[in-house]
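The structure under discussion appears below in the form of structure tokens.
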């Protein structure tokens, strides 16, 4: 029997299923995981002895720097991590001052709001 059918028969209605799950489901925060993986890649590259070889694998960077939309943050902390990572990249790689200013302003707001 498919799992969706088992769920359907275990609860009298979709509302009772949702009610049973409320407060117990933690959504994965793919963006937070991606940013954490990116920081690990940076640390590994910074610790690499000598010149980093051509083709060194950086899947997290490639995903963050790609053209596809990124996952939506699932928390305030994840949104702040995204802003901080963008700000750091922009500052370290000489991005446009306007981008740094906008990122810093947004990060400052989120950091000050409880």
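Inspect all residues belonging to region 87-105 and state whether any of them is under 19 Å from the mean Cα position of the chain (by Cα), under 21 Å from residue 28 (Cβ atoms) and surrounded by 12 or more Cβ atoms within 10 Å (Cβ to Cβ). Looking for residues that are under 19 Å from the mean Cα position of the chain (by Cα), under 21 Å from residue 28 (Cβ atoms) and surrounded by 12 or more Cβ atoms within 10 Å (Cβ to Cβ), one finds none in region 87-105, hence no.
Give region 58-67 a look and list any residue that's surrounded by 10 or more Cβ atoms within 10 Å (Cβ to Cβ) and out of contact with any helix residue (DSSP H, G or I) (no Cβ under 8 Å at 6 or more places or on another chain), or say none.
62, 65
Evaluated against (1) over 15 Å from the mean Cα position of the chain (by Cα); (2) modelled with pLDDT of 85 or more; (3) at negative phi; (4) part of a loop (DSSP other than H, G, I, E, B), residue 50 falls short on exactly one condition, (3). For beta carbons closer than 7 Å, sequence separation of 6+ or different chains, a first residue in region 68-86 that is at positive phi and crowded, with 18+ Cβ neighbours inside 10 Å and a second that is part of a loop (DSSP other than H, G, I, E, B) and at pLDDT below 90, there are no qualifying pairs.
The values are calculated or read from the model by the stated rules, or taken from the named source; none is laboratory data. Remember, it's a predicted structure, so these values are computed and weren't measured experimentally. With ideal geometry, Cβ positions are generated from the backbone for all residues, glycine too; neighbour counts draw on all protein chains shown.
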